[in-house]
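Q: Here it is, the structure in full.
The values are calculated or read from the model by the stated rules, or taken from the named source; none is laboratory data. Only a predicted model underlies this, so the values are computations on that prediction, with no experimental measurement involved. Counting neighbours? That spans all protein chains shown, and the Cβs are built from the backbone with ideal geometry, glycine included.
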Amino acid sequence: MTIFLDGNSLTLQDVAAIAESSEHRVELSTDAKNAIRRSRAIVEQWVESNEPVYGVTTGFGEFANVRISHEDLEQLQENLILSHSVGAGAWLPRPFVRAMLVLRINALAKGYSGIRLQTLETLVAMLNADIIPAVPEQGSVGSSGDLVQLSHIALAAIGKGRILMANGLVKPSLEVLQAHGITPIRLQAKEGLAMINGTQMMCAFGALSLHKALRLAEIADIAGALTTEALRGTDTAFDERLHKVRGFSGQLQSAKNLRELMHGSQIRESHRDAAVDNRVQDAYSLRCMPQVHGASRDAIGYVLSVIEKEINAATDNPLIFPDEENPGHGFHLEGGNFHGQPLALALDFLAIACAELANISERRIERLVNGALSGLPRFLAPKGGLNSGLMIAQYTAASIVSENKVLCHPASVDSIPTSANQEDHNSMGSIAAQKGWRVVQNLERVLAIELLCAAQGVDFLKPLRSSERLEAVRTAIRNVVPFMDIDRVVYDDVEAVRHLVESGVIESAVGGGR
């Protein structure tokens, strides 16, 4: 499949697809090529006239007041890449760098950065050939964009960096480029700056985290509904009339999902009569699912609105605009579109929203394994004492949600000055992005544990059956994890269910997210 990039129409789904599979190719649209050529022609006019333009005929950062001679302009751009390739830590996983590449190509395709078409087409060729630069995870402060990580991508493109191969090995980029018939880029005026001024690392993490979080919000409702069944909870708290009088869209959606998931359940019908079940209302972790899940849904929706803007944004500096009244000419505006504050705040919010889905899930897990609360065998073990059942599964969930609480300290409240105080406020959006990804992964693991425990709980209620949809979920789980009658290695069970979540099997079981 080929995705055409024009700087305006890239979607979250496109980014995720390209990140996850090298079968997706990209190509610059005709409009993008024209915009790139127009912008480049303006830069070349400035170079010819020796006009003072930041990063084109001047130095960078604190050196913005240093004029660069015409004969040194190419060396200026290469020196920028060499000096800014100062990352630390482990290599970023290849999917994130693939996402970074497509996001940077798309930003440059808007035609406001003054890069040559030839240079951008080299980046396109690298992505299509699955030549993925080795990029260290640490070094960005989230303003002037993700300078360090994008510099390592540029370093690979000029033949002086490294490539992270699919097998995990690292090779010199010159060797890999030549093997694929790709000529390394020889940077000209403005091009080094154009390649590294942007938010593409934090945006890549944000986009892939968000893509997963949107799906996990659905899984949270499914897991919660299955737990409600195992605990013989009521669906009264999910009545639409109750949620309409508050009016939050996420709350209304979660309540609707929970009603539909439990519709037609024999288990629910078995305890509807007050003479059979004299409980008036359930604990908050069941009763308040629409309110808690819904608030996280609304927060995730806000993050979606931010990411959708950023993946099609021009984040370079300076930006180049054609002069509509004087065709063939243009002007430059120095500003700060590279500043990561919009992403930093949103991605901190994403982490908090996902951590709360994990928090309430862990509380439901506790109710499932606690015989005093559930009415089920203690720790869901048929022969408790000799067997510990799912006792320690709750420990693991508790550990994970506690880790999330540490990770949810907002990175965006921090700042530290750089470049001799010229860059005196930084967003730390890169840190928000990376820890946000870990929180989303942690949520997936906690929900897998809840699904595992809930399926075990529902099995104890046989011959009563849950709803058709939830029985399909239980069957999907039982296809990979048998009922636990005696102790076994629970790690394997958790991973098997987590894979069902990750691969979309759980959503498919209930009808693809309804």
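Q: In segment 244-266, what residues are outside any loop (DSSP other than H, G, I, E, B) and surrounded by fewer than 21 Cβ atoms within 10 Å (Cβ to Cβ)?
A: Residues of segment 244-266 that are outside any loop (DSSP other than H, G, I, E, B), as a first pass: 244, 249-262, 266.
Answer for segment 244-266, where residues must be outside any loop (DSSP other than H, G, I, E, B) and surrounded by fewer than 21 Cβ atoms within 10 Å (Cβ to Cβ): LYS244, SER249, LEU252, LYS256, ARG259, GLU260, GLN266.
Q: Give all pairs with beta carbons closer than 7 Å in which a residue from segment 280-299 that is assigned to a loop (DSSP other than H, G, I, E, B) and surrounded by fewer than 23 Cβ atoms within 10 Å (Cβ to Cβ) meets a residue that is modelled with pLDDT of 95 or more and among the charged types (D, E, K, R); count only pairs at least 6 apart in sequence or on separate chains.
A: GLN281/ARG287; ALA283/ARG367
Q: Please state which of the following conditions ARG364 fails to meet, knowing it meets all the rest: (1) assigned to a helix (DSSP H, G or I); (2) surrounded by fewer than 22 Cβ atoms within 10 Å (Cβ to Cβ); (3) within 27 Å of the chain's Cα centre (by Cα).
A: Unmet for ARG364, out of (1) assigned to a helix (DSSP H, G or I); (2) surrounded by fewer than 22 Cβ atoms within 10 Å (Cβ to Cβ); (3) within 27 Å of the chain's Cα centre (by Cα): (2).
Q: Report, by residue number, each residue of segment 112-141 that is part of a loop (DSSP other than H, G, I, E, B) and under 17 Å from LEU208 (Cβ atoms). Quick ask: steps written out before the conclusion?
A: Going through segment 112-141, the residues part of a loop (DSSP other than H, G, I, E, B) turn out to be 112-116, 129-132, 134-135, 139-141.
Passing the criteria: ILE132, VAL135, SER140.
Q: Kindly indicate the residue of segment 79-104 that is among the β-branched types (Val, Ile, Thr) and buried (at least 24 other Cβ atoms within 10 Å of the Cβ) and also nearest to MET201 (Cα to Cα) among those meeting that condition.
A: VAL97
Q: Could you give every pair whose Cβ atoms fall below 7 Å, whose first residue belongs to segment 216-234 and is outside any loop (DSSP other than H, G, I, E, B), and whose second residue is of a type in the set (S, T, N, Q), counting only separations of at least 6 or pairs across chains?
A: What qualifies is ALA217/SER296; ALA220/SER361; ASP221/SER254; ASP221/ASN257; ALA223/SER361; GLU229/SER265; GLU229/SER466.
Q: Also, I was wondering about something else. Exactly one condition in (1) touching a residue at least 60 places away in the same chain (Cβ under 8 Å); (2) over 16 Å from ALA225 (Cα atoms) is false for ARG474; which is it?
A: ARG474 satisfies all of (1) touching a residue at least 60 places away in the same chain (Cβ under 8 Å); (2) over 16 Å from ALA225 (Cα atoms) except (2).
Q: Further question: Return the residue satisfying two criteria in turn: it lies in segment 6-20 and is in contact with a helix residue (DSSP H, G or I) (Cβ under 8 Å, 6 or more places away or on another chain) and over 21 Å from GLY301 (Cβ atoms), and of such residues it is surrounded by the fewest Cβ atoms within 10 Å (Cβ to Cβ).
A: My answer is GLU20.
Q: Right, something else. Could you say whether any residue in segment 438-460 is without any contact (Cβ under 8 Å) to a residue 12 or more places away in the chain, of a type outside the set (A, V, I, L, M) and more than 28 Å from ALA204 (Cα to Cα)?
A: The answer is no, given that none of the residues of segment 438-460 is without any contact (Cβ under 8 Å) to a residue 12 or more places away in the chain, of a type outside the set (A, V, I, L, M) and more than 28 Å from ALA204 (Cα to Cα).
Q: Next question. Among the listed residues GLU78, GLU20, identify the single one that is of a type in the set (Asp, Glu) and more than 27 Å from the chain's Cα centre (by Cα).
A: GLU78
Q: Here's another thing I want to ask about it. From (1) over 20 Å from GLY375 (Cα atoms); (2) assigned to a loop (DSSP other than H, G, I, E, B); (3) in contact (Cβ under 8 Å) with a residue 12 or more places away in the chain, pick out the condition that doesn't hold for SER466.
A: Evaluating SER466 over (1) over 20 Å from GLY375 (Cα atoms); (2) assigned to a loop (DSSP other than H, G, I, E, B); (3) in contact (Cβ under 8 Å) with a residue 12 or more places away in the chain leaves (1) as the failure.
Q: Do you know which residues across segment 367-412 are in a loop (DSSP other than H, G, I, E, B) and surrounded by fewer than 17 Cβ atoms within 10 Å (Cβ to Cβ)?
A: Of everything in segment 367-412, those that are in a loop (DSSP other than H, G, I, E, B) and surrounded by fewer than 17 Cβ atoms within 10 Å (Cβ to Cβ) turn out to be ASN370, GLY375, PRO382, LYS383, GLY385, LEU386, SER388, HIS409.
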